[in-house]
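J.: Structure incoming, see below.
The values are calculated or read from the model by the stated rules, or taken from the named source; none is laboratory data. Model, not experiment: these values are computed from the prediction. Cβ: placed from backbone, ideal geometry, glycine included. Neighbour counts: every protein chain shown.
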Amino acid sequence: MILRRSIFSRICCVLAFALSATLSITTDSPQAKQSSSSRPNILWISAEDLSPDLGSYGDAYSRTPNLDRFASQGARYTNAFSSAPVCAPSRSAMITGMYPTTIGSLHMRSKAVPPPGIKAFTEYLRAAGYYCTNNAKTDYNFEAPPSNRPPDTVWDETSRTAHWRNRPDKSQPFFAVFNHEVTHEGQVRSDDAIYAKNTASLKPEEFHDPAKAVLPPYYPDTPVVRKMWARYYDLITALDYQVEKLLKQLEEDGLADNTIVFFWGDHGRGLTRGKRWVYDSGIRVPLIVRWPGKIKPGMVDDRMVSLMDLGPTALSLAGVKVPEHMQGQAFLGEQANPREYVFAHRDRMDETYDMMRAVRDKRYKYIKNFFPGRPYAQYIAYMDEMPILKEMRRLYKDHMNALSPDYGKALNDTQLIFFKPEKPPEELYDTTVDPHEVNNLAGSPSSQEVLKRMRAVLDKWQKDTKDLGLLPEMELRERMRPGGVWHKVAPPVVSEQVSGDLVKLKIGCSTEGSSIAYTTGEGRDARWKLYTSELTLKRPAVLRVKGCRFGYLDSDEVMKRFE
C-alpha cells in the first residue's frame with residue numbers, strides 16, 4: 001500500500017507539472033515576425049528500425065554511398081539514442097519532447113492521454129510561420145479513432161503526398177518530415193515478391209552476400225540467420241537510393257543551401273534482440289546533420305543525443321523559444337544544452353509485459369530489470385514472426401532435448417543468454433570493449449563504483465521525471481480515460497465584430513490544453529490552420545473551426561457564414 005500511495009503521489013505531481021505547462025502561442029512573438037529569408041528550412045529524413053549500420057559509421061559490409069556522401073557534408077553523431085526501442089513510444093517522445101514514462105505513452109499502442117499543455121512541437125513552429133508537412137507516418141500513441149491520425153493543429157499537411165513543394169507560398173520557411181519504411185522489420189521478413197519490389201533499384205553487385213555477413217555473437221551462425229541479416233542490409237541500400245532522390249529534389253528546388261537536413265533512425269534494427277530491447281542494438285541510431293555554412297563537413301560529434309531532443313533542436317534552429325516543460329534538450333542552435341546521459345525504457349510490447357529502464361553515458365550502460373523473474377525470450381506474436389527468432393527457438397529446443405543430436409551444443413553460452421529462465425535484476429556493460437553487451441559487469445567487484453553511480457543516476461531520473469511505469473496499466477488507463485470513454489473537446493466559441501466588409505474574429509475553447517484549428521475553405525480537402533490570434537476576414541466569407549487535443553476526440557465543427 002505504501003508503494004501504491006507513492007505511485008499515486010507521483011501521478012498527481014505529473015498532472016500539477018503539466019497544468020503549469022499550458023501552451024501559449026501568439027503570432028506577436030519575435031520569431032513570427034522574422035523575415036522568411038532569415039530562417040532556415042528544416043528537413044527530417046527518418047528511417048524505421050535502423051541501427052548505425054552505414055558505411056560512414058565504419059560498417060564495411062554496408063553499401064550506402066549516398067548516405068556516406070551526405071555524412072561527409074555534415075556532422076555524424078556517434079552517440080545518438082532513442083528513448084524507447086519501439087516505434088509508438090519513441091515517436092510520442094519525439095513529437096512532444098517529453099519522456100513517454102512521464103506523459104503516459106510508455107506502453108506500445110496505448111492511445112494515451114497526455115496531460116494538458118503537452119503539445120506537438122510543430123504547433124510552435126506553425127505559430128512562428130513555418131509550413132509543417134509530414135510524409136507520412138505518425139504513430140504517436142495519442143491518435144483518436146476512427147481516423148487514427150493526429151489533430152489538424154499538428155501539421156499543415158500529413159499524407160503520402162505531403163511535400164514542402166505543396167506550400168502555397170514558396171517563400172515560406174518549411175519544416176518537412178519524410179519517413180522511410182523500407183528498413184522496417186516487416187520488410188526484412190516479407191515474402192520474396194515484396195522483397196524484390198523493395199530492392200528493385202539495386203544493381204546485382206549491390207546485393208549483400210550472406211556468406212560475408214559479420215553476425216553479432218548472440219546470433220547462431222546458420223543460413224537462415226545470414227539470409228535475414230543480408231536482407232536487412234539490402235534494404236538499407238534501397239533506403240540509400242530513396243534518400244538520394246529526396247536530396248536531389250532539394251537541390252532541384254534551389255533550397256539545399258538554406259535547409260538544415262537531419263537523417264536518423266527511429267530506433268535500432270528490427271531484428272531479434274534489437275528492436276524492443278534497451279541494448280544499443282535496440283536504441284542506438286544513426287544521426288547525421290547537414291547545415292551548410294554552420295557545420296564543418298566531415299565532422300564527427302560524440303556528444304550524447306536523445307531522439308526526443310530533435311523537436312527542441314528544431315525549435316532552437318528556427319529561433320523559437322523551447323517551452324520550459326519540455327524534457328528534451330536542444331543540441332544545436334542558440335538554445336543548445338548538452339546532456340551527460342541518455343535514458344531509455346521498455347514497457348508492454350504488444351500483448352506482453354515487461355519493464356526495463358536504462359541509462360547510458362559515453363562508455364557505460366546500466367539496465368534495471370523490474371521483472372527479473374520473466375525471461376528475455378517472452379513470446380510476442382508479431383516479434384516471433386521473424387525467421388531469426390524462429391531459428392533461435394528451434395536451436396534452443398534442440399539444445400535442451402536429450403534425444404536431439406545437437407543436445408547441449410546447438411547454442412553457445414553467449415547465445416543461450418537470451419533463453420535464460422530469469423533476467424538478472426541489474427545489468428552493466430562497458431560498451432567500449434563490449435559493444436554487443438553480452439558481458440554483464442554488475443557482479444564484478446571492480447565495477448561496483450560505476451554500478452553505484454549509474455544506479456543512482458537512473459533512480460534520480462525516475463523520481464525527477466515521475467516515471468509512471470510502476471502503475472498498473474489498467475489503472476493508468478482509467479485515470480486517463482475513465483470507463484474507457486474518449487473525452488471530446490468542447491466546441492470552440494467564436495466572437496465577431498463586423499465593420500463594413502470586414503469581420504474581426506476571436507476564438508476560444510473551454511477544454512483545458514486544447515488547440516484550435518480553423519479553415520476558410522469548404523469541402524473535405526480544405527486546409528486547416530492553427531489559430532493563434534484574432535482573425536480578420538473580408539465578407540463574404542466562411543469560417544470553420546474545431547477544438548483539438550492529443551488523446552481526445554476533436555470537437556464538433558463550428559461553421560460561421562458572413563454574407
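J.: Do you know which of the residues in region 464-476 that are free of Cβ contacts under 8 Å to residues at least 24 places away in the same chain and not acidic (Asp, Glu) is surrounded by the fewest Cβ atoms within 10 Å (Cβ to Cβ)?
T.: Looking at residues that are free of Cβ contacts under 8 Å to residues at least 24 places away in the same chain and not acidic (Asp, Glu), I get 474.
J.: Can you pull out every residue in region 329-345 that is surrounded by fewer than 20 Cβ atoms within 10 Å (Cβ to Cβ) and in contact with a strand residue (DSSP E or B) (Cβ under 8 Å, 6 or more places away or on another chain)?
T.: 338, 339, 340, 341 - these are the residues of region 329-345 that are surrounded by fewer than 20 Cβ atoms within 10 Å (Cβ to Cβ) and in contact with a strand residue (DSSP E or B) (Cβ under 8 Å, 6 or more places away or on another chain).
J.: Restrict the check to region 384-394 and report whether at least one residue is within 30 Å of residue 467 (Cβ to Cβ), in contact (Cβ under 8 Å) with a residue 12 or more places away in the chain and not basic (Lys, Arg).
T.: yes
J.: Given the conditions (1) touching a residue at least 60 places away in the same chain (Cβ under 8 Å); (2) closer than 24 Å to residue 172 by Cβ; (3) among the β-branched types (Val, Ile, Thr), report the number of the one that residue 102 does not fulfil.
T.: For residue 102, the exception is condition (2).
J.: Now, a different point. Do you know which residues across region 138-169 are out of contact with any helix residue (DSSP H, G or I) (no Cβ under 9 Å at 6 or more places or on another chain) and within 26 Å of residue 247 (Cβ to Cβ)?
T.: Scanning region 138-169 gives 158, 159, 160, 161, 162, 166, 167, 168.
J.: Counting only residues that are assigned to a loop (DSSP other than H, G, I, E, B), surrounded by fewer than 24 Cβ atoms within 10 Å (Cβ to Cβ) and not aliphatic (A, V, I, L, M), how many does region 277-301 have?
T.: Residues meeting the conditions: 7.
J.: Out of (1) assigned to a helix (DSSP H, G or I); (2) closer than 30 Å to residue 146 by Cα, the odd one out for residue 462 is which?
T.: (2)
J.: Residues to consider are 265, 282; find the one that is in contact with a Gly (Cβ under 6 Å, 6 or more places away or on another chain) and not polar (S, T, N, Q).
T.: On inspection, the qualifying residue turns out to be 282.
J.: Given the condition charged (D, E, K, R), more than 21 Å from residue 122 (Cα to Cα) and at pLDDT 95 or above, answer yes or no: does some residue in region 507-518 qualify?
T.: No, region 507-518 contains no residue that is charged (D, E, K, R), more than 21 Å from residue 122 (Cα to Cα) and at pLDDT 95 or above.
J.: Restricting attention to region 372-403, which residues are over 25 Å from the mean Cα position of the chain (by Cα) and in a loop (DSSP other than H, G, I, E, B)?
T.: Selection gives 372, 373, 374, 375, 401, 402, 403.
J.: Looking at region 256-268 only, could you name the residues that are over 21 Å from residue 439 (Cβ atoms), in contact (Cβ under 8 Å) with a residue 40 or more places away in the chain and either under 14 Å from the mean Cα position of the chain (by Cα) or buried (at least 18 other Cβ atoms within 10 Å of the Cβ) (or both)?
T.: 259, 260, 261, 262, 263, 264, 265, 266, 267
J.: Within region 384-402, can you find the residues that are closer than 19 Å to residue 270 by Cα, surrounded by 19 or more Cβ atoms within 10 Å (Cβ to Cβ) and either in the same structural domain as residue 81 (by TED's automatic domain parsing) or not acidic (Asp, Glu) (or both)?
T.: 386, 388, 389, 392
J.: Okay, next question. Output the residues belonging to region 519-563 that are among the small types (Gly, Ala, Ser) and either at pLDDT below 95 or surrounded by fewer than 15 Cβ atoms within 10 Å (Cβ to Cβ) (or both).
T.: The answer is 521, 523, 526, 533.
J.: Could I ask something else about it? Taking region 532-563 only, how many residues are touching a Leu at 6+ places or on another chain (Cβ under 9 Å) and part of a loop (DSSP other than H, G, I, E, B)?
T.: The number of residues fulfilling the criteria is 2.
J.: Filter region 254-276 for residues that are in a loop (DSSP other than H, G, I, E, B) and under 30 Å from residue 385 (Cβ atoms) and give the result.
T.: Of everything in region 254-276, those that are in a loop (DSSP other than H, G, I, E, B) and under 30 Å from residue 385 (Cβ atoms) turn out to be 266, 267, 268, 269, 270, 271, 272, 273, 274, 275, 276.
J.: Here is a follow-up. Residues to consider are 513, 523; find the one that is touching a Gly at 6+ places or on another chain (Cβ under 8 Å), assigned to a loop (DSSP other than H, G, I, E, B) and either more than 23 Å from residue 89 (Cβ to Cβ) or in contact (Cβ under 8 Å) with a residue 60 or more places away in the chain (or both).
T.: The unique qualifying residue is 513.
J.: Let me ask another. Within region 155-193, which residues are touching a residue at least 60 places away in the same chain (Cβ under 8 Å) and among the aliphatic types (A, V, I, L, M)?
T.: 176, 177, 182, 188
J.: Restrict the check to region 239-249 and report whether at least one residue is in contact with an Asp or Glu (Cβ under 8 Å, 6 or more places away or on another chain) and at negative phi.
T.: no
J.: Report, by residue number, each residue of region 491-501 that is surrounded by fewer than 15 Cβ atoms within 10 Å (Cβ to Cβ), part of a loop (DSSP other than H, G, I, E, B) and either touching a Ser or Thr at 6+ places or on another chain (Cβ under 8 Å) or on the phi > 0 side of the Ramachandran plot (or both).
T.: Once the filter is applied, which keeps residues that are surrounded by fewer than 15 Cβ atoms within 10 Å (Cβ to Cβ), part of a loop (DSSP other than H, G, I, E, B) and either touching a Ser or Thr at 6+ places or on another chain (Cβ under 8 Å) or on the phi > 0 side of the Ramachandran plot (or both), region 491-501 yields only 500.
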